[in-house]
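Single-structure report; data block below.
The values are calculated or read from the model by the stated rules, or taken from the named source; none is laboratory data. None of these values were measured; they are calculated from a predicted model. Here Cβ is always computed from backbone atoms with ideal geometry, including for glycine, and neighbour counts include all displayed protein chains. Note: accessible area is taken over every heavy atom of the protein model, side chains too, but ligands, DNA and RNA are not part of it. Shrake-Rupley method; radii C 1.70, N 1.55, O 1.52, S 1.80 Å.
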Amino acid sequence: MILPVYVYGMSILRKRARDLDEDYEGLDQLIGDMFETMVASEGVGLAAPQVGKSIRLFVVDASRMADEEDPDLEGFRKVFINPYVIDEWGDKWSFTEGCLSIPNIREDVNRPAWVKIEYYDENWNLHEEEYDGTRARIIQHEYDHLEGRLFVDKINPLRKKLISPKLKAISRGRAECDYKIVFPKK
């Protein structure tokens, strides 16, 4: 089932998400719904707070971004349960990011090149893995959602000031996109 995406201004996007247990009711269904929602919305990642669940869960599928310059994205489809970033390192590099919770806004964000993350997969197997490049960036972006952070928190302050009217419009229920969204109550 395609779920509505919560947008900028919703308080759940600013809360630190809580860990979940192996017996979390409906987890398999939620994971499936999140993948379906992400694909229907043309995203490459989706965190549970973006669909109204304040739990430490995100899904990624960057296969559609794979090309000759970034072949590592082919088959990069994963579930991250109770993830925790252990370390980030390397030169920061800029990349234009967008977010399903901030429709129609894309900005350059600087992030470290590498990330080391510990997480459980959908079968509750524990992993500790390192990622670099675009894979690291996608993980860092989705992980930020679990910490109550959005990509606009990391952009140049002048750029943030310039886009603040657009952000305010989204938080007031004025945004158009091709997927279902939930606006803050007025």
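See the values below:
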{"read-out": "Pair GLU176, ASP21: separation of 7 Å Cα→Cβ label points (nm)", "value": "4.7 nm"}
{"read-out": "Average accessible surface area per residue within the chain, 1.4 Å rolling probe, Å²", "value": "53 Å²"}
{"read-out": "Entry for Rg and Dmax of the Cα atoms in Å (calculated from the structure that is shown) out of (i) 15.8, 46; (ii) 15.6, 44; (iii) 17.2, 57", "value": "(i)"}
{"read-out": "For LYS154, solvent-accessible area (1.4 Å; no DNA, RNA or ligand), Å²", "value": "80 Å²"}
{"read-out": "Candidates ARG159, ARG56, ARG111: whichever shows maximal mean-square fluctuation once the chain is modelled as a Gaussian network with Cα springs under 10 Å", "value": "ARG159"}
{"read-out": "Length added when fully stretched, LYS92-GLU130, from 0.36 nm per residue minus Cα-Cα", "value": "12.1 nm"}
{"read-out": "Cleavage-rule hits (GluC sites (Glu not before Pro)) in region 64-125: DSSP loop, at most 15 neighbouring Cβ within 10 angstrom", "value": "GLU68, GLU69, GLU74, GLU122"}
{"read-out": "Relative contact order (%) - criterion: Cα under 8 Å, at least six apart; region: region 64-146", "value": "28 percent"}
{"read-out": "For region 102-118, 3J(HN,Hα) per residue [Karplus equation, 6.51 cos²θ - 1.76 cosθ + 1.60, θ = phi - 60°, Hz, x = Gly/Pro]", "value": "10, x, 6, 10, 9, 9, 6, 10, 9, 9, x, 5, 10, 9, 10, 9, 10"}
{"read-out": "Accessible area of region 1-92 belonging to carbon and sulfur atoms, whole % at 1.4 Å probe", "value": "43 percent"}
{"read-out": "GNM top mover of LEU57, LEU146, LEU20 - the chain, alpha-carbon springs below 10 Å", "value": "LEU20"}
{"read-out": "Cα centroid separation - region 171-186 against region 1-51, whole Å", "value": "16 Å"}
{"read-out": "Computed lengthening from GLU69 to ARG159, 0.36 nm per intervening residue step minus Cα-Cα distance", "value": "29.6 nm"}
{"read-out": "Accessible-area order (highest first, 1.4 angstrom probe) of the listed residues ILE81, ILE2", "value": "ILE2, ILE81"}
{"read-out": "Length released on extending from ASP121 to ASP108, taking residue separation times 0.36 nm less the Cα-Cα span", "value": "1.7 nm"}
